[in-house]
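The values are calculated or read from the model by the stated rules, or taken from the named source; none is laboratory data. Just so you know, these numbers come straight off a predicted model, no measurement behind them. Positions of Cβ are backbone-derived with ideal geometry, glycine not excepted, and every protein chain shown enters the neighbour counts.
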Amino acid sequence: MADKNTKLTPEEIYKLAKLANLSLNEEQIKKLADSVSSILSYVSQLQSLNTANIEETAQVTGQENVFREDIVDNERMLTQEEALSNAKDKHNGYFMVKAIFEEE
Amino acid sequence: MEIHVELKTVSKMFCGCKNDPFGADKPNIYTCPVCLGLPGALPVPNRKAVEWAVLLGLALNCEIPLFSKFDRKNYFYPDLPKGYQISQYDQPFAVRGFLDITVGNEKKRIGITRVHLEEDTGKLMHATVDDPTSPSGLRGASKKVSLIDFNRSGVPLVEIVTEADIRSSEEARIFLKKLHQIIRYLEISDADMEKGSMRLEPNISVQKIQSRLNRDKIQKLPPYKVEVKNINSFSFAKKAIDFETDRHIAILETGKYPQQETRGWDEKKGVTFSQRSKEEAQDYRYFPEPDIPPIRWSKSQISNFKALIPELPDTRIARFIKEYGLSEYDATVLTEDKKTADYFEKAVKSKTIPAKTVANWIINKKADISKLSPEGLVNLIQAKTQKLPMSEKDLEEVINKVLAVNSKAVVDYKAGKESAIMFLLGQVMRQSHGRADATTTRKILENKLK
Ligand SMILES: [Zn+2]
């Protein structure tokens with residue numbers, strides 16, 4: 001299964017980058033098209049395993065029903081100063097980012 | 001229709017931060033590494049929020065799958081610090097339910113596709129602030145920014161999705177009101193539209209029907225739909241649907257389809273507006289949340305949940321009619337909210353006053369039930385309706401008491417201020433709960449104050 005079919009096009013890399021919130025230049029896209037493709041080929045060796053009798057799972061711990069009770073934990077809450085301490089930009093107790101235009 | 005409802009747990013969905021974004025007097029004071037999306041933080045689901053989501057599912061006649069899980073919905077937006085929202089994708093807590101509504105005189109069933117649990121996002125505010133870094137170096141230069149408050153980030157949020165069964169804006173309004181009522185009966189959310197703890201998102205598409213008789217039996221939906229986001233009142237939802245319906249008809253009549261997109265609602269202008277289709281097709285790349293083990297219920301747990309559901313409005317209306325002999329109208333008004341219905345039942349418990357009379361007093365707002373206890377209401381009705389004449393001795397006693405407490409009015413009257421007697425008379429009427437006879441009382445007062 002690990003063949004040329006896993007070769008990604010620059011368009012696909014561009015889309016992936018967009019979804020990952022990365023801005024790449026053309027050269028980087030070209031480079032990544034090759035390297036991501038080779039990573040994919042490598043990983044797709046897993047496809048050669050016979051999983052016909054293996055049940056699908058998204059969990060490996062075997063745990064189920066892990067809850068917390070509905071209690072306020074003041075110990076772990078941060079003060080406003082602490083919450084904002086690593087923010088690049090802040091304003092009057094808010095995190096500040098470039099304007100997001102939701103509407104006209 | 002999609003509806004989002006914030007649950008009123010005391011703590012957030014996946015962390016122990018206080019869940020009170022509306023009551024917070026400052027931004028970013030109820031946060032922690034989990035709800036700020038700091039690396040390495042571990043989300044743990046709030047048991048009560050999960051149970052409440054199941055409860056709502058049951059109240060909406062849903063099936064509760066024995067196995068359920070959380071998933072990550074990946075997208076970038078500044079109000080979502082992790083770069084994904086913890087939500088539920090293919091195995092929600094409740095599926096395939098329904099809610100029956102009454103439209104005009106007809107019953108109609110609205111299918112509920114699913115009820116799932118997720119986390120709310122932070123709140124974005126758009127502002128203009130001073131910009132000291134402005135290249136022009138001008139004083140007073142400003143820039144447009146977005147400000148983020150994460151007090152709401154991670155608040156438990158239930159999403160309810162209906163089947164495409166709603167055929168008009170009026171049906172939508174009736175459905176939403178009933179859903180709101182059920183949520184309030186369950187006491188799982190304030191469902192306060194103004195505070196945004198209940199948000200409405202109609203998905204609208206229009207098509208021509210051949211015969212009105214078949215309007216509910218549409219086999220195939222139109223090949224497009226328009227979603228209107230974040231509406232915060234039933235009447236706005238109705239207006240937005242009407243606006244969209246007209247807009248779509250105008251486009252359809254030119255032989256085209258309206259563009260599939262997300263739109264906003266401008267309540268001031270009463271119009272919807274395009275919200276610039278969020279990228280091409282959204283690709284949320286859902287996958288199972290690896291940090292949260294799945295949830296598995298036993299059948300006995302589900303029946304325990306069922307036992308926790310209070311009597312819901314429809315059942316209560318039927319019982320009020322049967323048990324208290326009320327009209328359907330009276331029963332419906334009394335059960336509109338749980339508090340009033342409970343109040344009514346407490347007041348009729350003593351059986352001293354006919355249920356119909358109590359209902360009448362409450363419905364016609366003859367007394368302020370927010371200030372009066374049910375027992376107080378019963379006493380008041382008794383005093384007002386059964387005018388047992390007071391014995392002379394009782395009346396004398398009340399009058400003496402009133403005179404003793406209101407010495408200023410007594411002095412005023414004696415000094416010639418005739419109107420003071422009216423005040424004293426009023427006091428006697430009040431103390432006797434209206435049982436005193438006004439003429440007799442006045443005579444006695446005049447005699448005593450000679
Ligand atoms: Zn938190």
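Filtered by the rule that a residue be in contact (Cβ under 8 Å) with a residue 24 or more places away in the chain and either in contact with a Ser or Thr (Cβ under 8 Å, 6 or more places away or on another chain) or in a loop (DSSP other than H, G, I, E, B) (or both), region B:285-295 gives B:Arg285, B:Tyr286, B:Glu289, B:Asp291, B:Ile292, B:Pro294, B:Ile295. What residue, among those in region A:64-98 that are surrounded by fewer than 14 Cβ atoms within 10 Å (Cβ to Cβ), away from the ligand (no atom under 16 Å from the Cβ) and modelled with pLDDT under 95, is farthest from the other protein chains (Cβ to nearest Cβ)? Here the residue is A:Lys88. Looking at region B:160-177, is at least one residue within 16 Å of the ligand (Cβ to nearest atom), assigned to a strand (DSSP E or B) and under 17 Å from B:His116 (Cβ atoms)? No: zero hits. Has region B:186-197 got at least one residue that is closer than 25 Å to B:Asn46 by Cβ, loosely packed, with under 15 Cβ neighbours inside 10 Å and modelled with pLDDT of 95 or more? Scanning region B:186-197, I find at least one residue that is closer than 25 Å to B:Asn46 by Cβ, loosely packed, with under 15 Cβ neighbours inside 10 Å and modelled with pLDDT of 95 or more, so the answer is yes.
Taking the conditions exactly as written (within 14 Å of the ligand (Cβ to nearest atom), in the same structural domain as B:Ser303 (by TED's automatic domain parsing), touching a helix residue (DSSP H, G or I) at 6+ places or on another chain (Cβ under 9 Å) and free of Cβ contacts under 8 Å to residues at least 60 places away in the same chain), does B:Pro92 satisfy them or not? Answer is no for this residue.
Number of residues in region B:4-35 that are within 24 Å of the chain's Cα centre (by Cα), more than 12 Å from the ligand (Cβ to nearest atom), crowded, with 24+ Cβ neighbours inside 10 Å and outside any strand (DSSP E or B) equals 1.
Taking B:Ser303, is it surrounded by fewer than 15 Cβ atoms within 10 Å (Cβ to Cβ), modelled with pLDDT under 95 and among the hydroxyl-bearing types (Ser, Thr, Tyr)? Considered against the rule, which asks whether it is surrounded by fewer than 15 Cβ atoms within 10 Å (Cβ to Cβ), modelled with pLDDT under 95 and among the hydroxyl-bearing types (Ser, Thr, Tyr), B:Ser303 comes out as no. The residues of region A:49-63 that are more than 8 Å from chain B (Cβ to nearest Cβ) and among the hydrophobic types (A, V, I, L, M, F, W, C), listed by number, are A:Leu49, A:Ala52, A:Ile54, A:Val60.
Can you tell which of B:Ile64, B:Ile86 is out of contact with any helix residue (DSSP H, G or I) (no Cβ under 9 Å at 6 or more places or on another chain), of a type in the set (Val, Ile, Thr) and either within 16 Å of the ligand (Cβ to nearest atom) or assigned by TED's automatic domain parsing to the domain that holds B:Asp190 (or both)? Step through it out loud before you land on a result.
Working: B:Ile64 fails: out of contact with any helix residue (DSSP H, G or I) (no Cβ under 9 Å at 6 or more places or on another chain).
Within the list B:Ile64, B:Ile86, the selection yields B:Ile86.
Determine if region A:12-20 includes at least one residue that is part of a helix (DSSP H, G or I), in contact with a Lys or Arg (Cβ under 8 Å, 6 or more places away or on another chain) and either without any contact (Cβ under 8 Å) to a residue 24 or more places away in the chain or surrounded by 14 or more Cβ atoms within 10 Å (Cβ to Cβ) (or both). Yes: region A:12-20 contains one or more residues that are part of a helix (DSSP H, G or I), in contact with a Lys or Arg (Cβ under 8 Å, 6 or more places away or on another chain) and either without any contact (Cβ under 8 Å) to a residue 24 or more places away in the chain or surrounded by 14 or more Cβ atoms within 10 Å (Cβ to Cβ) (or both).
At the interface with another protein chain (Cβ under 10 Å from one of its Cβ atoms), outside any strand (DSSP E or B) and in contact with a Leu (Cβ under 7 Å, 6 or more places away or on another chain) - does that describe any residue in region B:319-331?
Taking region B:319-331 as the starting set, the residues that turn out to be at the interface with another protein chain (Cβ under 10 Å from one of its Cβ atoms) are none.
Within region B:319-331 (the criterion being at the interface with another protein chain (Cβ under 10 Å from one of its Cβ atoms), outside any strand (DSSP E or B) and in contact with a Leu (Cβ under 7 Å, 6 or more places away or on another chain)), the answer is no, since none of the residues qualifies.
Of all residues in region B:115-133, which are in contact with a strand residue (DSSP E or B) (Cβ under 6 Å, 6 or more places away or on another chain) and either surrounded by fewer than 20 Cβ atoms within 10 Å (Cβ to Cβ) or not in a strand (DSSP E or B) (or both)? If the condition is that a residue be in contact with a strand residue (DSSP E or B) (Cβ under 6 Å, 6 or more places away or on another chain) and either surrounded by fewer than 20 Cβ atoms within 10 Å (Cβ to Cβ) or not in a strand (DSSP E or B) (or both), then B:Asp120, B:Gly122, B:Lys123, B:Leu124, B:Met125, B:His126, B:Ala127, B:Thr128, B:Val129, B:Asp130, B:Asp131 are the ones that fit. Sort through A:Leu49, A:Leu19 and tell me the only one that's modelled with pLDDT under 90 and not charged (D, E, K, R). Exactly one of A:Leu49, A:Leu19 is modelled with pLDDT under 90 and not charged (D, E, K, R), namely A:Leu19. Residues of region B:385-438 that are loosely packed, with under 15 Cβ neighbours inside 10 Å and aliphatic (A, V, I, L, M): B:Leu388, B:Ala404, B:Val405, B:Val411, B:Ala415, B:Met422, B:Ala438.
Check whether at least one residue in region B:36-46 is more than 10 Å from the ligand (Cβ to nearest atom), under 30 Å from B:Thr113 (Cβ atoms), within 10 Å of chain A (Cβ to nearest Cβ) and not in a loop (DSSP other than H, G, I, E, B), and report yes or no. Yes. A count restricted to region B:321-354 and to residues that are farther than 17 Å from B:Gln181 by Cα and touching a helix residue (DSSP H, G or I) at 6+ places or on another chain (Cβ under 7 Å) stands at 12.
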